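To start, the structure under review is shown below, and the notes come after it.
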Amino acid sequence: MKTQISVIGCGWLGLPLAKTLVKEGFNVNGSTTSKDKIDILKHFQIKPFTITLSTSGISGNYSQFLTGSKTVIINIPPGLRKNPTKNHVAELTHLIDAIEKHDITNVLYISSTSVYKDEAHFPVKTAKSIPNATSNTAKQIIAIENLLRENANFNTTILRFGGLIGEDRHPSKFLSGRDHIPNPEAPINLIHKTDCMAICIAILKKELWNVSLNAVYPKHPSKKVYYSKYCKKENLELPKYDYSKESKGKIIDNTTLVQLLNYTFKAEH
């Protein structure tokens, strides 16, 4: 009998992850907030559900979505750039309550390395480093991590991805031709979508629960070196940097992930 997994948030990362899980032999329930995606999910043998989280509760057939699943993957961007006053913690609290009531064994929470503060001299942040960022988004993500980790009703693994890149998504394309880009000396902490999916699969197969992991590609050139090199290669206009202030950033260390999963990164940057 195939193991069932529920993927909450079938967007840029969640949809290819759900597709990969199907190929790996899992039965997959996938959620979307857009009815336009229902047929796309069906096409890839993902059982579709239209589910929306709000501060007042959950809309959609979330009970059927969760019933029968051993594992839930939470992959929902906070959405605070578009709606900075939103209470994302309240939204996830409703989801956690629903997960408790449906006998879920494991939760994989897709978090972000933005929980670590950018600082001068670029401190190294390991998986054991205490999250210390103070932006609204970071504080809400940290609060959600803590809610999940402290919940004794299920196992939780926190997976903190760096900046997400892929064939159709690269920060250099956005920065090309722009002026006054801050923190030019800061190191990059990026990860390719290919590695994101492979790491998630490895966690599921190894059943690596109740840990926190940092997931970034292990090379950290400066932003100015990396972005300018990419733009030259792609014949894009070079970005221009702001050197008037001291650069702030961090180096995300992925040693714990590599050791626990015996993982080798697949996508060159």
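The values are calculated or read from the model by the stated rules, or taken from the named source; none is laboratory data. None of the values given here were measured: they were computed from a predicted structure. Every residue, glycine among them, receives a Cβ derived from its backbone with ideal geometry; neighbour counts consider all protein chains shown.
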Inset, instruction - Kindly check whether there is at least one residue in region 38-45 that is surrounded by 13 or more Cβ atoms within 10 Å (Cβ to Cβ), under 21 Å from the mean Cα position of the chain (by Cα) and in contact (Cβ under 8 Å) with a residue 24 or more places away in the chain. - result: yes
Inset, instruction - Assess whether VAL7 counts as being touching a residue at least 60 places away in the same chain (Cβ under 8 Å) and either part of a strand (DSSP E or B) or closer than 20 Å to ILE158 by Cβ (or both). - result: yes
Legend entry - Subset of region 137-167 [hydroxyl-bearing (Ser, Thr, Tyr) and under 10 Å from VAL115 (Cβ atoms)]: THR137
Legend entry - Restricting region 10-37 to residues that are among the polar types (S, T, N, Q) and not in a helix (DSSP H, G or I), the residue that is farthest from SER112 (Cα to Cα): ASN27
Inset, instruction - Taking the residues in region 70-99 that are touching a residue at least 24 places away in the same chain (Cβ under 8 Å) and in contact with a Lys or Arg (Cβ under 8 Å, 6 or more places away or on another chain) as candidates, determine which candidate is surrounded by the fewest Cβ atoms within 10 Å (Cβ to Cβ). - result: LEU80
Legend entry - Complete set of residues in region 119-161 that are in contact with a Pro (Cβ under 8 Å, 6 or more places away or on another chain) and within 17 Å of ASN183 (Cβ to Cβ): PHE122, ALA138
Inset, instruction - Could you name every one of the strands (runs of 3 or more DSSP E) located completely within region 38-110 that has at least 1 residues being out of contact with any Cys (no Cβ under 6 Å at 6 or more places or on another chain) and within 23 Å of THR137 (Cβ to Cβ)? - result: 52-54, 57-59, 71-74
Legend entry - ASN29 vs. criteria within 30 Å of SER135 (Cα to Cα) and within 19 Å of the chain's Cα centre (by Cα): no
Legend entry - Unique residue being of a type in the set (S, T, N, Q), surrounded by fewer than 18 Cβ atoms within 10 Å (Cβ to Cβ) and in contact with a His (Cβ under 7 Å, 6 or more places away or on another chain) when the list is THR67, THR33: THR67
Inset, instruction - From (1) over 15 Å from the mean Cα position of the chain (by Cα); (2) closer than 23 Å to VAL22 by Cα, pick out the condition that doesn't hold for LYS86. - result: (2)
Inset, instruction - Check LYS219, LYS224 and return the single one that is at pLDDT 95 or above, part of a loop (DSSP other than H, G, I, E, B) and of a type outside the set (A, V, I, L, M, F, W, C). - result: LYS219
Inset, instruction - Would you mind stating whether GLU119 is acidic (Asp, Glu) and touching a strand residue (DSSP E or B) at 6+ places or on another chain (Cβ under 9 Å)? - result: yes
